[in-house]
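Readers should treat all values here as calculations from the given coordinates under stated rules, not as data from a laboratory. Keep in mind it's a predicted model, so treat the numbers as computed, not measured. Note: ideal-geometry Cβ built from the backbone for every residue, glycine included; neighbour counts use all protein chains shown.
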Ligand code: FRU
């Protein structure tokens, strides 16, 4: 169904109870509702926003269009959790109700200051000619969860030399001053980020563009996030407009990081070793990080991408967030590990070992629809080893494998169930040179997140298998290997 502008910009408040109940029923009837991922009650979820640790809890907001699986008038929806696993639904947090956000409360970030959570975000507006005028806005949440907005935006002008694509502030504090990076498009239609400074989160001064040396790297950079980790400076962002090359940049839009020396604020320059994709799967975009009281840097992403139809659309909802991942730096790369608290989800542990010689093997008791599984392949002299999961006897399967000759990890969702996003291909690969390979999978009803060799690489993907698709098969081709696997139902 094509959505008209009127339909996309209808306010939640204008919709009758009956319409919402009907939509909710359609969503609930969807056989692809997730069981342990954050997903919208109705409508479309996109970027994680305002991720922070405040008042003893994690707060995670997300971009939300309530009325259907399309990008329309965006709200911020609020979830909170003490353990990153059990999330409380806190309802709508920011409504697009003021002049400076008439066409959506767009993405932004959170920072704790004076016992309050400051939420800085982009107010999207359009004039009569549908020309965009972005504002950077501030909402302040107290310990009771009450949110008050400032009457006026804190940044009203797009800096000179740039287009109206100016959004997604990410704030941090350093030496008693606050800084924010925002994604922006230069007049010559290339993407970059700009840096602002503030003494109090209210008055902001433009310091200028950050020199990353990437002067022609996509037409827009969305959702930047800057932080320091293990003495490195890390800039995450989601560039649009990169061309697929070899195994990389295969999705419609990318998401990755620059890692290098800490950002030089005086020079506004970031020296780094090049852009690396954060995730090698099909569905990952616009991640955001936060630190917690344990000092961990945790990342959550949107498990989806813009401009793609998903099979859940016909049930009136789309997308979910990824599981929280703890970041660290190893050999000049960002490593992502599933947050330790996810162990709280584990039930019914079982472990098995097997030796495979050019064969396929099921292991007794190993099957399911929602589970965590870690399988290590070693003593590999096979050319290809791997796992088929969410599999049926009639050929439905998602496959994660390691090609030891090409030294590549491969995720194949060609036969994963209902096909979608076919124009971007059904196979993803990345380089990995290792004698042993561990695939650590988190499988939910319609997604999989696979951490390779302790988070050196991650493949995140939606899959839409049929309901009875619960098989797991281990295989080795052209040679042998040993596999040790442990699984927990979730
Ligand atoms: C990224 C993005 C952001 C914007 C938001 C709107 O997915 O386009 O740049 O703030 O989504 O929902």
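Which whole-number percent is the relative contact order of the chain (Cα, under 8 Å, 6+ apart)?
On the way: 1313 pairs, mean separation 62.1, N = 490.
Rounded, it is 13 percent for the chain.
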**Study point:** Sequence ranges 440-447, 419-426, ranked by mean other-Cβ count within 10 angstrom, highest first
**Key:** 440-447, 419-426
Check your understanding: Any idea how far apart residue 55 and residue 31 come out in nm if each label point goes 7 Å out from Cα toward Cβ?
Key -> 4.2 nm
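Roughly speaking, what % of Cα-Cα pairs in segment 215-271 are separated by over 14 Å, rounded to a whole number?
Values: 939 of 1596 pairs.
That tail contains 59 percent of the Cα-Cα pairs.
Using only C-alpha positions, report the orientation-averaged shadow area of the convex hull of segment 89-248, nm², one decimal.
Values: hull surface 47.9 nm².
For segment 89-248, averaging the hull's shadow over all directions gives 12.0 nm².
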Study note, to complete from the structure: Note on segment 331-490: contact order normalised by length, alpha-carbon pairs under 8 Å, 6 or more apart, percent, works out to 42 percent
**Study point:** Label-point gap, in nm, between residue 2 and residue 173 - each point 7 angstrom along Cα→Cβ
**Key:** 5.1 nm
Exercise for review: Quote to one decimal, in nm, the extra length available between residue 292 and residue 143 on full extension: 0.36 nm per residue of separation minus the C-alpha distance between them.
Suggested key: 52.0 nm
Review point. Per-residue ellipticity at 222 nm for the chain, helices alone: DSSP H runs ≥ 4 residues times -39500 (n - 2.57), over residue total, nearest 500 deg cm²/dmol?
Key: -1000 deg cm²/dmol
**Study point:** R0 of 60 Å, Cβ-Cβ distance residue 163-residue 362: FRET efficiency to nearest 0.05
**Key:** 0.60
Review point. Any idea how far apart residue 203 and residue 92 come out in nm if each label point goes 7 Å out from Cα toward Cβ?
Key: 3.5 nm
Review point. Roughly how tilted is helix 17-28, in degrees to the nearest 10 and between 0 and 90, from the longest Cα axis of the chain?
Key: 30 degrees
Review point. Going from the alpha-carbon gyration tensor of segment 277-348, what semi-axes, largest first and in whole Å, does one get by taking the root of 5 times each eigenvalue?
Key: 26, 17, 11
**Study point:** Distance histogram for the chain (every C-alpha pair counted, 10 angstrom bins, percent rounded to whole numbers)
**Key:** 4, 20, 30, 26, 14, 5, 1
Practice item. For residue 267 and residue 379, calculate 0.36 nm times their separation in residues minus their Cα-Cα distance, and state this gained length in nm to one decimal. Key: 35.3 nm
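Taking segment 358-490, how much of its Cα-Cα pair set, in percent, is spaced more than 19 angstrom apart? Write out the running numbers ahead of the final one.
Values: 3903 of 8778 pairs.
Roughly 44 percent, rounded to a whole number.
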Check your understanding: Taking square-rooted eigenvalues a ≥ b ≥ c of the alpha carbon gyration tensor, is segment 1-144 rounded, prolate or oblate, where a/c under 1.5 means rounded and, failing that, a/b exceeding b/c means prolate?
Key -> oblate
